[in-house]
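Colleague: One structure coming up, written as structure tokens, with questions to follow.
The values are calculated or read from the model by the stated rules, or taken from the named source; none is laboratory data. Bear in mind that the values here come from a model prediction, so they are computed numbers and not experimental data. Heads up, the Cβs are rebuilt from the backbone with ideal geometry, glycines too, and the neighbour counts pull from every protein chain shown. What goes into the accessible areas is simple: the full protein's heavy atoms, side chains included, and nothing from ligands, DNA or RNA. Shrake-Rupley method; radii C 1.70, N 1.55, O 1.52, S 1.80 Å.
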Amino acid sequence: MDGGGRFPESLSGDAAGRTGPARLAGAILGRLAGRVSPRSLSVRRARSSQRLSERLPRGVGVVAVSVSAAAMALAGFVASGRYDAFVAEQGRPLDIAARVAGFGVERVTISGISRMYEREVLAAAGIDWRSSVPFLDVNEVRERLLRVPLIAQASVRKIYPNEIAITQVEREPAALWQKNGEISVIAADGTVIDAMRDDRYASLPLVVGDDANTKLPEYLALIAAAGPLAERIKAGTYVSGRRWTLKFDGIDVRLPEADPAAALARLVRFEREAGLLEKDIIAVDLRMPDRLVVRLTEEAAAARAEAQKAKKKGAAS
């Protein structure tokens, strides 16, 4: 190209028969080739011919062998079960590091505790001296607490550097439930929240039978309907999934499936007018709306039979 922006030679071809673009490409490649010296090419060939071990920095092999040996030792330590034993005894490595740095759990504040003991809450939460504040999973702790039937709600907070705060809401015991000879403490919704281990819950109402726990509101309504007789009701048995039989000081009162409250009102009236429950009876059947059926004790039944015999003899003579 000359100073006027023109090519001094034709782009259509040259003496060798090359076209203009081909000649231009050849010129560019020639210039590039001129920049690469034979010495640089020989250095590159020498480097490419070196072995990998000669090209790596010194000491890399030793480090690689050491890392491999450590990995194999760690794998064996874990596979042998010794790692689990170590964690069970000392805690997780991250927790150990956090404790060394001054972030171990030194205090746990529990709010809302009523019937549980603090040690029971801590055991359920999985918090002990091996725990650390930074690596404690509060969501996991909350899930663990909510798996305790007596705990209805729970929240967990970290207070740096060394404290965990737990706030919980316990379910209120509402009654005792007896099934297959075992007595459990239940909440108002029928949830089993504890076992009957001592006399702390002895004053609670008692329901007996399959599904009696889920029918607790019905039973409590019957106690309320009994009025002046409510204090004499010792237990309620849910029979065949349909109706209730109430225990009054050794007397069974069988209630109908339909409108048991009205039947109880009849019982209150009979007791007020005739002192029915003071008689020598062991059962009262209120399942028929137009009559009342009672069952006497064995002694009362025998005495009644003798009285009837004597009456018949007197009538015959």
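Colleague: What are the residues in the range 236-276 that are of a type in the set (Asp, Glu) and farther than 21 Å from Leu204 by Cα, if any?
Modeller: Residues of the range 236-276 of a type in the set (Asp, Glu): 249, 252, 257, 259, 271, 273.
Within the range 236-276, Glu257, Asp259, Glu271, Glu273 qualify.
Colleague: Considering only the range 232-245, state which residues are within 15 Å of Ala175 (Cα to Cα) and either out of contact with any helix residue (DSSP H, G or I) (no Cβ under 7 Å at 6 or more places or on another chain) or β-branched (Val, Ile, Thr) (or both). Explain how you work it out, then say what you get.
Modeller: Our first condition is that a residue be within 15 Å of Ala175 (Cα to Cα); within the range 232-245, this holds for 233-238.
Within the range 232-245, Ile233, Lys234, Ala235, Thr237 qualify.
Colleague: Given the condition basic (Lys, Arg), touching a residue at least 40 places away in the same chain (Cβ under 8 Å), assigned to a loop (DSSP other than H, G, I, E, B) and touching a strand residue (DSSP E or B) at 6+ places or on another chain (Cβ under 9 Å), answer yes or no: does some residue in the range 127-145 qualify? Walk me through how you get there before you give the answer.
Modeller: Keep residues of the range 127-145 that are basic (Lys, Arg), which gives 130, 142, 144.
In the following step, the residues that additionally are touching a residue at least 40 places away in the same chain (Cβ under 8 Å) were identified as 130.
Within this subset, residues satisfying the condition of being assigned to a loop (DSSP other than H, G, I, E, B) are 130.
Still in the running and touching a strand residue (DSSP E or B) at 6+ places or on another chain (Cβ under 9 Å): 130.
Yes, the range 127-145 contains at least one residue that is basic (Lys, Arg), touching a residue at least 40 places away in the same chain (Cβ under 8 Å), assigned to a loop (DSSP other than H, G, I, E, B) and touching a strand residue (DSSP E or B) at 6+ places or on another chain (Cβ under 9 Å).
Colleague: Moving to a separate point now. Which residues, counting only those in the range 93-118, are in a helix (DSSP H, G or I) and over 21 Å from the mean Cα position of the chain (by Cα)?
Modeller: Pro93, Leu94, Asp95, Ile96, Ala97, Ala98, Arg99, Val100
Colleague: From the set of residues in the range 215-236 that are within 13 Å of Phe248 (Cα to Cα) and of a type in the set (D, E, K, R), which is least open to solvent (accessible area, probe 1.4 Å)?
Modeller: Arg232
Colleague: When the range 265-287 is examined, which residues are found to be part of a loop (DSSP other than H, G, I, E, B), under 47 Å from the mean Cα position of the chain (by Cα) and either loosely packed, with under 13 Cβ neighbours inside 10 Å or of a type in the set (A, V, I, L, M, F, W, C) (or both)?
Modeller: Answer for the range 265-287, where residues must be part of a loop (DSSP other than H, G, I, E, B), under 47 Å from the mean Cα position of the chain (by Cα) and either loosely packed, with under 13 Cβ neighbours inside 10 Å or of a type in the set (A, V, I, L, M, F, W, C) (or both): just Leu286.
Colleague: Give me a count of the residues in the range 237-264 that are over 40 Å from the mean Cα position of the chain (by Cα), small (Gly, Ala, Ser) and loosely packed, with under 13 Cβ neighbours inside 10 Å.
Modeller: Total satisfying the criteria: 1.
Colleague: If you don't mind, another one. Quick check on my filter: what residues within the range 246-276 are among the β-branched types (Val, Ile, Thr) and more than 10 Å from Arg287 (Cα to Cα)? Break it down into steps so the answer makes sense when it comes.
Modeller: Step one: list which residues in the range 246-276 are among the β-branched types (Val, Ile, Thr), which gives 251, 253, 268.
Residues satisfying the conditions are Ile251, Val268.
Colleague: Determine which member of the set Ile282, Ile223, Ile186 is touching a helix residue (DSSP H, G or I) at 6+ places or on another chain (Cβ under 6 Å) and more than 30 Å from Arg147 (Cβ to Cβ).
Modeller: Numbers: Ile282 fails: touching a helix residue (DSSP H, G or I) at 6+ places or on another chain (Cβ under 6 Å); Ile186 fails: more than 30 Å from Arg147 (Cβ to Cβ).
Of Ile282, Ile223, Ile186, the one residue that is touching a helix residue (DSSP H, G or I) at 6+ places or on another chain (Cβ under 6 Å) and more than 30 Å from Arg147 (Cβ to Cβ) is Ile223.
Colleague: Still on this structure: Step by step: first the residues of the range 144-202, then only those that are of a type in the set (Lys, Arg) and under 15 Å from Gly112 (Cβ atoms), then the one that is surrounded by the fewest Cβ atoms within 10 Å (Cβ to Cβ). Which residue is that?
Modeller: For the range 144-202, the residue satisfying everything is Arg157.
Colleague: All but one of (1) surrounded by fewer than 20 Cβ atoms within 10 Å (Cβ to Cβ); (2) part of a helix (DSSP H, G or I) hold for Val121; state the number of the condition that does not hold.
Modeller: Here Val121 meets the rest and fails (1).
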